[in-house]
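First comes the structure, then the notes that go with it.
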Amino acid sequence: MNSSSQPVQSPDGGALSAAVVCRNVEKSFGQGNAVTRALTGVNLEVYAGEMLMLVGPSGCGKTTLLSVIAGILDADNGSVELFNRPMGLLRGAEKTRFRGRFIGFSFQQFNLLPQLTALENAGIPLLILGWPRKKALARAAELLEQLGLADRMSNFPKQLSGGQQQRVAFARALIHEPKLVVCDEPTSALDGRTGEQVIAALRQMAVKPGRAVIVVTHDTRIFHFADRIARMDDGRIVDTGSVKTMLAGEQ
């Protein structure tokens, strides 16, 4: 089954609009005999209002695809559109501004600044966008409270557990109301119970009608939080479908 081009249904029965459209995306690293083809013709649609999990074996191209979609890497061939905006037409500072305004990032290693408190880390995107510090930190406090960190705002990253650091990273990814949220292995450093708790928090906070969420993961324990799963292998999407359908195919 390969249903990536079939529209996903919203709760009211209507078709969701495509937030991300990848067409024949290719990406290689190296040159000559040392070239590695990371993406070999990826076709994928991700819809506004859904959480899609991107899964597959290590080295299959998941993180590379996530980086191309988010504009961190440029595709060698093919096209990527985010909310009808061709990413290939954005260059330099324009692309940086686009990412800063419309994309929220949550990385595998959290990437919190150790010299800043949880509150300050969460508020960074708004400060970069030019918000007054008081207003940015007030918004950060609201998000951290919603994520269950009301009593941890003044703590530094080293004073937080892995799950708490991940929640701060989620707050930082969501604070500027991005239209696309991308997460790379958000539960890899967490135990099973904590991983489920933080993904549940992400789903509650991030999944909205006008926003798409893409999660790269190896963690089968969190698959049931996804609306759809896209499976990669050898640099391309080989299967997409509902969680129930995809898991049934493995049995």
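Looking only at residues in the stretch 86-97 that are surrounded by fewer than 16 Cβ atoms within 10 Å (Cβ to Cβ) and either among the aromatic types (Phe, Trp, Tyr) or over 19 Å from the mean Cα position of the chain (by Cα) (or both), the one that is farthest from residue 165 (Cα to Cα) is 89.
Out of all the residues in the stretch 222-241, is one or more within 24 Å of residue 126 (Cα to Cα) and either under 14 Å from the mean Cα position of the chain (by Cα) or without any contact (Cβ under 8 Å) to a residue 60 or more places away in the chain (or both)? No: the stretch 222-241 contains no residue that is within 24 Å of residue 126 (Cα to Cα) and either under 14 Å from the mean Cα position of the chain (by Cα) or without any contact (Cβ under 8 Å) to a residue 60 or more places away in the chain (or both). Criterion first (touching a helix residue (DSSP H, G or I) at 6+ places or on another chain (Cβ under 7 Å) and at pLDDT 95 or above) does residue 214 satisfy it? Answer is yes for this residue. Of everything in the stretch 177-206 that's surrounded by fewer than 17 Cβ atoms within 10 Å (Cβ to Cβ) and among the aliphatic types (A, V, I, L, M), which residue is farthest from the chain's Cα centre (by Cα)? The qualifying residue farthest from the chain's Cα centre (by Cα) is 189.
Please verify whether residue 211 is among the basic types (Lys, Arg), over 21 Å from residue 117 (Cα atoms) and touching a Pro at 6+ places or on another chain (Cβ under 9 Å), treating the condition exactly as stated. When the stated conditions are applied, residue 211 passes them.
Can you go through 154, 106 and tell me which one is polar (S, T, N, Q) and buried (at least 20 other Cβ atoms within 10 Å of the Cβ)? Exactly one of 154, 106 is polar (S, T, N, Q) and buried (at least 20 other Cβ atoms within 10 Å of the Cβ), namely 106.
The values are calculated or read from the model by the stated rules, or taken from the named source; none is laboratory data. Remember, it's a predicted structure, so these values are computed and weren't measured experimentally. Every residue, glycine among them, receives a Cβ derived from its backbone with ideal geometry; neighbour counts consider all protein chains shown.
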